[in-house]
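A short worksheet on the structure shown next.
The values are calculated or read from the model by the stated rules, or taken from the named source; none is laboratory data. None of these values were measured; they are calculated from a predicted model. We place every Cβ from the backbone using ideal geometry, glycine too, and count neighbours over all the protein chains shown.
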Amino acid sequence: MKKYFVSVFLVISIFLFISCSEKNNTLSFTAMDTFMTIRSSGKNCVNANKAAQARVEKIENLISVTKESSEIYRLNHKLTESFELSDETFYLMKYALDGAYKSNGAFNPALYPVTKEWGFTTKQYQVPDENRINEILKLTDYTKIQLQETEHKINCSYGMMFDFGAIGKGYAGDQIIEVLKENGIQSAILDLGGNIQLLGKKTDGSEWKIGLKNPFGGDVPVALSVSDCAVITSGGYERYFTGNDGKQYIHIFDGRTGKPVENNVVSATIVTSKGIYGDYLSTTTFILGKDGAVELWKKSGDFDFIMMFDDYSICYTKGLEGKISIFGAFSKIQVIE
Ligand code: ADP
Ligand code: MG
């Protein structure tokens, strides 16, 4: 009899162990030039995460600027004026061009000839001279691009080139969340190279605690208690090079000048519902600086932001009150109302 109970106990324990171990799954992989981690909870989490990874790889195969088979690569090397896009790439192109108009060209998906000239794709960095920059800037005029809605065609002149680097990860995050939901997942956290996206709350019903990176290194300066949203950061502290002139040139460009942004912003974080919007805004507010960011915030009313500056001051919008904690180094704090 005792033996019988021991085996029943063992069977139940093994069953519980298997079902518990299936409840959370963390999957990490590299895609879109970024280390990505998906942690989801739910019965189907292992399959859900695998399906999400496959979805990201599909997006990468459409929009990579370096993979020769990608749609964007083929668009960037086309010899004709007109080029037919898939539904997905057409959507991204429309979204990004809309962003260019809204920011008067500060954000511009057609900036690729410029960022390429500075060496950001090949890592063969150089500071082009003023004449060369102005010459190449002529190729980035987004107002000359025409989209044909019915045929999903793009018309633009030879030499124009595109890059969705500033919205791609946010879009991928939105798609991951869709795939997870389709697979019955209600709670997940994604870290796509510092872009954090949250599906629902933690499994115990509490909010997620998200720490923002310290642009100067060291302890986390800001923590947020949030759920079901995207927390997307653009910073100049991770990808940059030092020119022969000793100056640091970052990977975020001002589309109006064709030069890396030089202002007092060290990081811009957006809290909003959609990843693609947060990604667009984090890059754009970084370029525009505090005043431009405040103007956008007042006009749109559908996001919050946190901005850190080179003098260790910080500002955040009032929607974050009660959700944000600020520690240590950043002592000059302003709440934007
Ligand atoms: P990260 O990709 O490091 O998270 P961002 O979302 O701010 O940072 O995107 C930066 C990338 O966007 C650059 O690496 C480049 O590919 C592209 N980019 C740089 N400047 C602009 C700009 N003004 N408009 C649109 N895309 C840009
Ligand atoms: Mg961005």
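If you check Lys23 against the conditions, is it in contact with a strand residue (DSSP E or B) (Cβ under 9 Å, 6 or more places away or on another chain), of a type in the set (Lys, Arg) and away from ligand 1 (no atom under 16 Å from the Cβ)?
On the way: in contact with a strand residue (DSSP E or B) (Cβ under 9 Å, 6 or more places away or on another chain): yes; of a type in the set (Lys, Arg): yes; away from ligand 1 (no atom under 16 Å from the Cβ): yes.
So Lys23 passes the test.
Just one of Tyr91, Tyr112 is out of contact with any helix residue (DSSP H, G or I) (no Cβ under 8 Å at 6 or more places or on another chain) and either within 14 Å of ligand 2 (Cβ to nearest atom) or closer than 28 Å to Glu149 by Cβ (or both); which is it? Can you show your working first?
Details: Tyr112 fails: out of contact with any helix residue (DSSP H, G or I) (no Cβ under 8 Å at 6 or more places or on another chain).
Exactly one of Tyr91, Tyr112 is out of contact with any helix residue (DSSP H, G or I) (no Cβ under 8 Å at 6 or more places or on another chain) and either within 14 Å of ligand 2 (Cβ to nearest atom) or closer than 28 Å to Glu149 by Cβ (or both), namely Tyr91.
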**Q.** Condition met for Ile167 (buried (at least 20 other Cβ atoms within 10 Å of the Cβ), among the aliphatic types (A, V, I, L, M), within 16 Å of ligand 2 (Cβ to nearest atom) and touching a residue at least 12 places away in the same chain (Cβ under 8 Å))
**A.** yes
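Which of the residues spanning the range 243-253 are assigned to a strand (DSSP E or B) and either away from ligand 2 (no atom under 16 Å from the Cβ) or at pLDDT below 95 (or both)? Reasoning before the result, please.
If we filter the range 243-253 for residues that are assigned to a strand (DSSP E or B), which is where we start, we get 248-250, 253.
Passing the criteria: Gln248, Tyr249.
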Q. Arg256 is checked against (1) within 18 Å of the chain's Cα centre (by Cα); (2) modelled with pLDDT of 95 or more; (3) within 12 Å of ligand 1 (Cβ to nearest atom); (4) among the charged types (D, E, K, R) and fails just one. What number does that condition carry?
A. (1)
Q. Taking the stated definitions as given, is Gly173 near ligand 1 (Cβ under 9 Å from one of its atoms) and in contact (Cβ under 8 Å) with a residue 40 or more places away in the chain?
A. no
Q: Looking only at the range 102-115, decide whether some residue is in contact with an Asp or Glu (Cβ under 9 Å, 6 or more places away or on another chain), surrounded by 14 or more Cβ atoms within 10 Å (Cβ to Cβ), touching a residue at least 60 places away in the same chain (Cβ under 8 Å) and farther than 25 Å from Arg256 by Cα.
A: no
Q) Mind checking whether some residue in the range 135-145 is surrounded by fewer than 20 Cβ atoms within 10 Å (Cβ to Cβ), free of Cβ contacts under 8 Å to residues at least 40 places away in the same chain and not in a helix (DSSP H, G or I)? A) yes
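Is it the case that Leu180 is buried (at least 24 other Cβ atoms within 10 Å of the Cβ) and touching a helix residue (DSSP H, G or I) at 6+ places or on another chain (Cβ under 8 Å)? Reasoning before the result, please.
Values: buried (at least 24 other Cβ atoms within 10 Å of the Cβ): yes; touching a helix residue (DSSP H, G or I) at 6+ places or on another chain (Cβ under 8 Å): yes.
Here the answer is yes, as Leu180 does meet what is asked.
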Q) So which residues in the range 198-228 are within 24 Å of Phe327 (Cβ to Cβ) and in contact with a helix residue (DSSP H, G or I) (Cβ under 8 Å, 6 or more places away or on another chain), if there are any at all? A) Leu224
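Could we say that Leu281 is surrounded by fewer than 22 Cβ atoms within 10 Å (Cβ to Cβ) and within 16 Å of ligand 2 (Cβ to nearest atom) here? Can you show your working first?
Values: surrounded by fewer than 22 Cβ atoms within 10 Å (Cβ to Cβ): no; within 16 Å of ligand 2 (Cβ to nearest atom): yes.
Taking the combined requirement at face value, the residue does not satisfy it.
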Q. Within the range 1-33, how many residues turn out to be modelled with pLDDT under 95 and either under 13 Å from Leu192 (Cβ atoms) or within 16 Å of ligand 2 (Cβ to nearest atom) (or both)?
A. 1
Q: Might you check whether a residue that is modelled with pLDDT under 95, part of a loop (DSSP other than H, G, I, E, B), surrounded by 14 or more Cβ atoms within 10 Å (Cβ to Cβ) and hydroxyl-bearing (Ser, Thr, Tyr) occurs anywhere in the range 119-128?
A: yes
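Out of curiosity, is Ser313 of a type in the set (Ser, Thr, Tyr), at pLDDT below 95 and farther than 16 Å from Val231 by Cα?
Values: of a type in the set (Ser, Thr, Tyr): yes; at pLDDT below 95: no; farther than 16 Å from Val231 by Cα: yes.
No, not satisfied.
Being assigned to a strand (DSSP E or B) and surrounded by 15 or more Cβ atoms within 10 Å (Cβ to Cβ) is the filter here, so list the residues in the range 312-337 that pass it. Before the answer, list the steps.
As a first pass, look at the range 312-337 and keep what is assigned to a strand (DSSP E or B): 313-317, 324-326, 332-336.
Those that are assigned to a strand (DSSP E or B) and surrounded by 15 or more Cβ atoms within 10 Å (Cβ to Cβ): Ser313, Ile314, Cys315, Tyr316, Thr317, Ile324, Ile326, Ile336.
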Q) Does the range 210-225 include one or more residues that are among the small types (Gly, Ala, Ser), over 23 Å from Phe35 (Cα atoms) and near ligand 1 (Cβ under 10 Å from one of its atoms)? A) no
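Each row is one residue, and each column tells you yes or no for (1) farther than 22 Å from Tyr125 by Cα; (2) β-branched (Val, Ile, Thr); (3) at pLDDT 95 or above.
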| residue | (1), (2), (3) |
| --- | --- |
| Leu192 | yes, no, yes |
| Leu212 | yes, no, yes |
| Val226 | yes, yes, yes |
| Pro260 | no, no, yes |
| Tyr277 | yes, no, yes |
| Leu288 | yes, no, yes |
Q: Kindly indicate whether any position in the range 235-247 is in contact with a helix residue (DSSP H, G or I) (Cβ under 8 Å, 6 or more places away or on another chain) and surrounded by 18 or more Cβ atoms within 10 Å (Cβ to Cβ).
A: yes
